[in-house]
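Report on one structure; see the data block that follows.
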Amino acid sequence: MLAYIIRRVLQSILVLFVVGLVAFAMFRFVGDPVDNMLGQERTQADIERLREQLGLDQPFVVQYWRFLEQAAQGNFGLSYRQGRPVSEILLERLPATLELAFVSGLMALLGGIALGIFTAIRRSGISANIIMTASLIGVSLPTFLIGILLIYVFSVELGWLPSFGRGEVTRIGGWTTGFLTESGLKALILPAITLGLYQMTLIMRLVRTEMLEVLRMDYIRFARARGIREKSINFRHALKNTLVPVITITGLQLGSIIAFAIITETVFQWPGVGLLFINAIQFVDIPVMAAYLMLISVMFVGINLIVDMLYFAIDPRLRVDRTAGGH
Amino acid sequence: MTEKTPVLSVRNLVVEIPTRHGILRPVDNVSYDIHAGEILGVVGESGAGKSMTGNAVVGLLDRPARITSGEILLSGQHIHTLKGEALRRLRGKMMGMIFQDPLTSLNPLLTVGDQLTETIQEHLKVGQTEARNRAIAALEEVGIPAARSRIDSYPHEFSGGMRQRVVIALALCAEPDLVIADEPTTALDVSVQAQIVALLKRLCREKGVAVMLVTHDMGVIAEAADRVAVMYAGRLAELGPVREVLTAAHHPYTAGLMASTPLASQGKERLRQIPGAMPRLGNLPDGCAFHPRCDYAQDRCRANPGPTLDTCDGRAACWFPLNTKQKDEVSA
Ligand SMILES: Nc1ncnc2c1ncn2[C@@H]1O[C@H](COP(=O)(O)OP(=O)(O)OP(=O)(O)O)[C@@H](O)[C@H]1O
Ligand code: SF4
Ligand SMILES: [Mg+2]
């Protein structure tokens with residue numbers, strides 16, 4: 001098992017190196033950073049000096065290494081647009097995105113698992129079929145359309161919920177939270193649904209398929225033949241086995257929530273890193289874009305690792321070290 | 001023995017499956033008894049309806065298959081009319097079931113102890129510690145060494161043969177009167193098959209359990225069964241004491257089965273397959289379902305109604321049973 005974990009960690013690091021290369025390439029080849037940083041009035045000497053200062057006269061590999069070194073310390077330089085350290089800007093925006101992702105991820109996970117179990121157990125029931133049909137719509141509607149529809153119904157027509165922004169936030173240390181005020185919570189609802197709906201339907205359909213599969217297994221049949229009650233069969237014998245394969249994919253889904261947040265944040269003008277990224281693209285603010293890319297990939301890779309560990313925790317067959325034979 | 005109420009009594013059982021091409025009868029008018037401490041072997045080609053019969057008894061038929069007529073009595077009580085919760089309470093407590101593949105019969109994510117104690121506590125009013133002690137005893141009974149230390153192991157930590165022992169312990173832990181073992185040795189190594197059969201036989205005798213032992217293996221039948229039921233195309237072809245059926249089969253199909261299995265008693269005789277294949281359920285011939293493959297078939301065999309145990313000699317569903325010379329002479 002230890003060998004496996006080490007291998008996974010090494011793989012993760014490799015992935016980060018590759019993403020780092022892409023981010024670095026953006027710096028290097030999308031526009032000239034020197035052009036970007038010096039205004040119209042510049043002399044050749046200015047350019048040379050800055051080149052040296054930035055290490056742009058060094059060989060590619062050295063530059064890349066230095067970039068990684070800096071990135072690992074959270075140092076992505078100054079934003080072209082705001083002139084402030086990128087890390088500072090990102091940290092400011094991160095709580096908004098993380099809170100949104102957390103709420104919609106939780107909603108997707110709990111809702112998806114609950115609905116998946118329900119539709120599997122009541123396979124031929126009317127309500128299960130209605131949910132399944134509705135979920136098809138949920139999967140096929142694009143995120144921004146869902147967001148706009150929700151805004152139209154709940155903000156424009158009914159006027160119950162705000163259509164943009166984060167509402168009132170409370171500052172706790174370096175963190176800003178919308179959880180503590182009524183307007184903050186209200187503002188979370190529509191974006192969270194928009195962001196989580198797609199993942200929820202995916203998880204639901206996945207849980208349903210897996211659960212139906214598991215319910216056909218011999219050990220379920222054998223449990224029935226021993227007179228184990230349905231409740232235990234569904235929630236003890238079947239659910240655990242259902243969750244093993246579900247966890248991997250679900251974990252990846254939750255990772256992609258943070259990436260998908262770009263669209264939702266744009267629709268709702270949610271002041272998170274996604275919106276920051278979109279604005280950065282408009283202004284070709286390369287340091288911000290690169291930093292965002294690195295941040296997202298670190299999260300992805302981190303979530304992946306955690307998911308793998310969970311896998312071990314749930315499935316005892318993986319916990320033993322295989323000494324003999326293949327795998 | 002016959003005066004006592006049998007543990008299991010199946011009377012004219014019919015199982016039907018409605019399909020687009022008509023109604024199939026995977027179990028057609030089957031009757032048999034099993035007494036306490038007795039093993040009834042059930043043999044027949046694949047698709048003969050052996051599993052379907054067993055599943056019907058424990059009420060675990062997969063839809064759309066269903067019992068359409070006949071009776072099933074467990075220690076004299078009708079159980080074919082029971083549904084849902086009432087039937088569930090009987091399963092495990094009154095009747096246990098053992099499946100073919102021990103690798104897939106056990107829940108991989110629950111320890112052996114969890115699965116045992118849950119079953120025990122479902123049916124017997126005992127506390128956690130008592131259930132655990134009983135679980136350990138059940139494992140010891142089926143010959144798991146060091147049961148006390150192995151009870152918290154997961155199924156994958158046992159070998160195939162040991163897993164089938166665990167399955168048997170699970171089927172028997174709530175002390176049922178009837179056990180249906182559906183090909184309990186088919187998926188096992190040849191070397192452990194005999195051990196599992198011997199174990200079933202021992203438990204049957206010691207605990208006085210009635211056992212229905214479904215198998216393809218005539219050797220297993222010869223070794224373990226007291227009586228044997230031969231099924232063909234959903235019907236009983238022959239039913240009788242194992243020694244008599246194996247040494248002097250009345251039904252030509254039984255004789256054919258015997259000739260195609262390498263049994264020690266048959267010595268050096270060459271193996272002979274029965275020509276042709278069992279007809280599909282939707283396409284059964286008139287009269288005796290076996291007649292297209294039967295060497296002894298005559299006109300009467302092709303006419304309806306076909307032979308049944310009741311309308312023939314009570315042992316074989318055949319108008320022209322084999323090996324009955326002596327009887328004929330006696331009765332003549
Ligand atoms: N859903 C179904 N639709 C149509 N026919 C079915 C269905 N389920 C089972 N059958 C048929 O019912 C018959 C009885 O099957 P059963 O499993 O009892 O056979 P078996 O004697 O146990 O065979 P095996 O030795 O292969 O286990 C088979 O011919 C099978 O094709
Ligand atoms: S009834 Fe006729 S066809 Fe059927 S087994 Fe007997 S002899 Fe053969
Ligand atoms: Mg079968």
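The values are calculated or read from the model by the stated rules, or taken from the named source; none is laboratory data. The structure displayed is predicted, hence computed values, not measured ones. Because the Cβ atoms are built from the backbone with ideal geometry, glycine has one as well, and the counts that use them run over all protein chains shown.
A few comments on the model shown:
- Residue count for region B:117-135, restricted to those that are farther than 21 Å from residue A:236 by Cα and buried (at least 18 other Cβ atoms within 10 Å of the Cβ): 1
- Selection status of residue B:289, modelled with pLDDT under 90 and of a type in the set (A, V, I, L, M): no
- Pairing residues of region B:272-283 that are more than 18 Å from residue B:52 (Cβ to Cβ) with residues that are within 16 Å of ligand 3 (Cβ to nearest atom) and at pLDDT below 85, at Cβ distances under 9 Å and at least 6 apart in sequence or on separate chains, gives no pairs at all.
- Residue check, residue B:247 hydroxyl-bearing (Ser, Thr, Tyr) and either within 15 Å of ligand 2 (Cβ to nearest atom) or touching a strand residue (DSSP E or B) at 6+ places or on another chain (Cβ under 7 Å) (or both): no
Residue by residue, here is whether (1) within 13 Å of ligand 3 (Cβ to nearest atom); (2) away from chain A (no Cβ under 14 Å) holds:
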| position | (1), (2) |
| --- | --- |
| B:16 | no, yes |
| B:22 | no, yes |
| B:31 | no, yes |
| B:41 | no, yes |
| B:53 | yes, yes |
| B:57 | no, no |
| B:77 | no, yes |
| B:81 | no, yes |
| B:84 | no, no |
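- Among (1) under 23 Å from residue B:31 (Cα atoms); (2) more than 16 Å from ligand 1 (Cβ to nearest atom); (3) at pLDDT 85 or above, the one test that residue B:296 misses: (1)
- Inside region B:283-306, residues that are under 23 Å from residue B:22 (Cα atoms) and near ligand 2 (Cβ under 6 Å from one of its atoms) make up a count of 3.
- Test set (1) within 9 Å of another protein chain (Cβ to nearest Cβ); (2) away from ligand 3 (no atom under 16 Å from the Cβ); (3) under 22 Å from residue B:174 (Cβ atoms); (4) in a helix (DSSP H, G or I) - residue B:96 fails condition number: (4)
- Filtered residues of region A:1-53 (kept if at pLDDT 70 or above and charged (D, E, K, R)): A:7, A:8, A:28, A:42, A:46, A:48, A:49, A:51, A:52
- Within region B:99-113, considering residues that are at the interface with another protein chain (Cβ under 7 Å from one of its Cβ atoms) and outside any loop (DSSP other than H, G, I, E, B), the one surrounded by the most Cβ atoms within 10 Å (Cβ to Cβ): B:105
- Within region B:31-66, the residues that satisfy the criterion of being in a strand (DSSP E or B) and either closer than 20 Å to residue B:222 by Cβ or near ligand 1 (Cβ under 8 Å from one of its atoms) (or both) are B:32, B:34, B:39, B:40, B:41, B:42, B:43.
- Subset of region B:114-138 [within 8 Å of another protein chain (Cβ to nearest Cβ) and hydroxyl-bearing (Ser, Thr, Tyr)]: B:119
- Verdict on residue B:178 being closer than 23 Å to residue B:13 by Cα, among the aliphatic types (A, V, I, L, M) and surrounded by fewer than 23 Cβ atoms within 10 Å (Cβ to Cβ): yes
- Failed item, numbered, when residue B:149 is tested on (1) among the hydroxyl-bearing types (Ser, Thr, Tyr); (2) more than 12 Å from every other protein chain (Cβ to nearest Cβ); (3) more than 16 Å from ligand 1 (Cβ to nearest atom); (4) not in a helix (DSSP H, G or I): (4)
- Flag for residue B:34 being in contact with a strand residue (DSSP E or B) (Cβ under 8 Å, 6 or more places away or on another chain) and over 22 Å from residue B:185 (Cα atoms): no
- Condition met for residue B:255 (aliphatic (A, V, I, L, M) and surrounded by fewer than 18 Cβ atoms within 10 Å (Cβ to Cβ)): no
- Qualifying residue in region A:222-245 (condition: within 14 Å of chain B (Cβ to nearest Cβ), charged (D, E, K, R), in contact with a Ser or Thr (Cβ under 7 Å, 6 or more places away or on another chain) and over 14 Å from residue B:109 (Cβ atoms)): yes
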